[in-house]
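Written below as structure tokens is the structure these notes are about.
Just so it is clear, none of the values below were taken in a lab; they were calculated from the coordinates. Quick caveat, the model's predicted, so the values are computed rather than measured. As a convention, Cβ positions derive from the backbone with ideal geometry for all residues, glycine included, and neighbour counts pool all protein chains shown.
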Amino acid sequence: MSRHCPFRLSTLLTVSVAGLALLMPASVLPLHAQAAPQQTAQQAALSDSAKSGNKTEQKPSAESIPPQAAPVAAANPAAKGITGKAIDKVKEVAKSAGDIFSRVPCLPTKGGSKSMGSLPRVANKLVAGQPVVIVAFGSSSTAGFGATSPEFNYPNRLAAQLRRQYPTADISVVNAGKGGEDAPEMMKRLQTSVIDMHPDLVIWQVGTNAVLRNLDPGETAKLVEEGITRIQAVGADVVLIDPQYSPRVNEHAESAGKMMTLLNKTAELRKVGIFPRFAVMKDWHEKQAIPIENFVIADGLHMSDWGYACFAQLLGDDIIRSVGQIKLGVNVPSDVRAYRPM
């Protein structure tokens, strides 16, 4: 039948694509799809490292649009109708999902980095070919508030990176983030949300809500130390994540500074790793000249898709380096700081 009605088939496919795009909820679009008008050269181009090592997993591309539909809009670019705009919307969504770093590359801090210390439990299980369980413990920035899709939160991005690095390994990343919590609330569910998962690595993001609530940083540090002790008792590796560099956190600069100092001291005391998220994000803005709105959403607190993606990429790089050291027989103390960009 299609041989006798080619025009009807082409029209039907075109309308279908248009309908799909028009029904697509606005929440799937990036919150900051465009960089600032006066971009730097770095923000305008994708670096060599982003093209290779930092490239994200490929998502469905614009090639999935029926070939009969695409030429309809291209035939008259000066006067696109509803159909043409709908096709462009589908392409835009596919592109943003496919490669977040095409707008701004994810680069390491300019101050350089060292390993955040050894992760012997994770390394030994990978070498032995045993399953690895990672629990991402924290509040809303672990849960992924601000990401346009669950796949863009940091635990899922980290899981994808580690599975690419260790393709034969059985790696699970459990998202145990719960919005609005800090150390007091997290300690109440430490057993059920973390220890009962039998983790090999716990990545604990903590301190932001305590800063925003003006809670005593010293009390937070005591609870974190207690939590680390309980986690270490079951043999798991631990990495702490400090607060994010963002306008709302920066309004409490004194409290945030005390919190980061105490978290660092706690990490040194308990011999665990720490990823200094605040310093890394500050480096993005002050040394790499990336506008804050590129990595923090409009609420001035939570990270954007790009922010989560780059954070996960750099954290994953540190984990991979740490695992590599153990495989080579180099046991680096965990109290060696990962970054000193400030």
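For the pair region 177-241 and region 123-173, the centres of their Cα atoms are 18 angstrom apart. FRET efficiency for the pair ASN250 and ASP170, taken as 1/(1 + (r/R0)^6) with r the Cβ-Cβ distance and R0 = 56 Å, rounds to 0.85. Measuring against 23 Å, Cα to Cα, the residue pairs LYS188/LYS222; LYS125/LYS188; LYS125/LYS222; LYS125/LYS178; LYS178/LYS271 contain LYS125/LYS188; LYS125/LYS222; LYS125/LYS178; LYS178/LYS271 as the ones spanning a longer distance. Between ARG189 and ASN214, the distance separating the two model label sites (each 7 Å from Cα on the Cα→Cβ line) works out to 2.7 nm. Full extension of the segment from ASP196 to GLN130, taken as 0.36 nm per residue of separation minus the current Cα-Cα distance, would add 21.9 nm.
Shown here are the Rg and Dmax of the Cα trace of region 120-327, at 16.1, 47 Å. Taking Cβ atoms as reference points and 12 Å as the exclusive limit, the residues near GLU181 contribute a net charge of +2, counting Lys and Arg as +1 and Asp and Glu as -1.
If R0 equals 41 Å, the separation of the Cβ atoms of THR261 and SER149 corresponds to a calculated FRET efficiency of about 0.70.
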